[in-house]
């Protein structure tokens, strides 16, 4: 048990499994540590931390913040955030409100296209999720028989450039990095292999990321090696994770535990976060 999956989602954002179920499954898969990285919310962290104590799994409090890039989205992971920080949680509430406005606009566009779904159906499908996202809409479209898969929902209707797509709230990468730093967390660039331009990697390095997610379910081995080298040249920590949302992939199995890093990466993240938090403390005047 020396492996860590540092990119997992729960039903508190757009995942399927509850935080407790995620930790339980991680234990069964013999993982030493996991990071809970729900989109724009920290509501699942307390439950996951309690489950971590029960199952003997190190749970890293984390988040994935969605930001805007020129041709789509760019995501920033935050590790060892202070999920109780008032400034941090207040900012997340505004992101939540912006997400809901976007969801309502997407539903309106779908209705105009003749796809009759409602706000209530999406909220019901989201269940206990604290943040509502496009995957919840995709699952309603699937439930209603308008598409044959979640993937088709994105490709035909709600993906970038599709007829029901709505631009997200314009949070910039530097703002997400600053937000994570405000809670003493470690900002890391998520899945750079899916970015529309490699120039965004340099942009994020300039704006203060402290790590790169080299190992990911959408990265091939060559990409992973390239990102490890970029991290080495820029003195950044290398992270990795499956980005498991609890849905079946890879011949009917879950992604969890298939893309990992050594537990030493968790120790390094904790050390950096401790230093970040120490730097946030006010200087005592004698």
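Please treat every number below as a calculation from the coordinates, not as lab data. No experiment lies behind these values; they were computed from the predicted model shown. No Cβ is skipped: glycine too gets one built from the backbone with ideal geometry, and neighbour counts run over all protein chains shown.
Taking the C-alpha atoms only, the angle from helix 86-112 to the longest principal axis of the chain is near 20 degrees. A helix-only calculation puts the chain at -13000 deg cm²/dmol for mean residue ellipticity at 222 nm, using -39500 (n - 2.57) for each DSSP H run of at least four residues, averaged over all residues.
Given the C-alpha centroids of segment 1-41 and segment 98-149, what is the distance between them in whole angstrom? Using only Cα atoms, the two centres lie 24 Å from each other.
Among 170, 249, 93, a tally of other beta-carbon atoms within 10 Å of each Cβ gives an order, fewest to most, of 170, 93, 249.
Determine, at each q value in 0.10, 0.13 (inverse angstroms), the log₁₀ of I(q)/I(0) that the Debye formula gives when each Cα of segment 160-286 is one equal point scatterer. Log10 I(q)/I(0), no solvent term: -0.40, -0.65. Shape descriptor for the chain: Rg over Rh equals 0.96 (Cα atoms; Rh from the Kirkwood inverse mean 1/r).
With kT/(6 pi eta Rh) evaluated at 37 °C and eta = 0.692 mPa s, and Rh the Kirkwood radius from Cα pairs, segment 51-106 diffuses with a coefficient of 241 µm²/s according to Stokes-Einstein.
The label-point distance for residue 233 and residue 281, in a model that sets each label 7 Å from Cα toward Cβ, rounds to 3.7 nm.
In the chain, the longest principal axis of the Cα atoms and the axis of helix 173-182 are about 50 degrees apart. Compared with the dominant Cα axis of the chain, that is its longest principal axis, helix 134-143 is turned about 40°. Computed with the Debye formula from one identical point scatterer per Cα of segment 27-163, without solvent, the log10 of I(q)/I(0) at q = 0.10, 0.15, 0.17 Å⁻¹ comes to -0.41, -0.86, -1.01.
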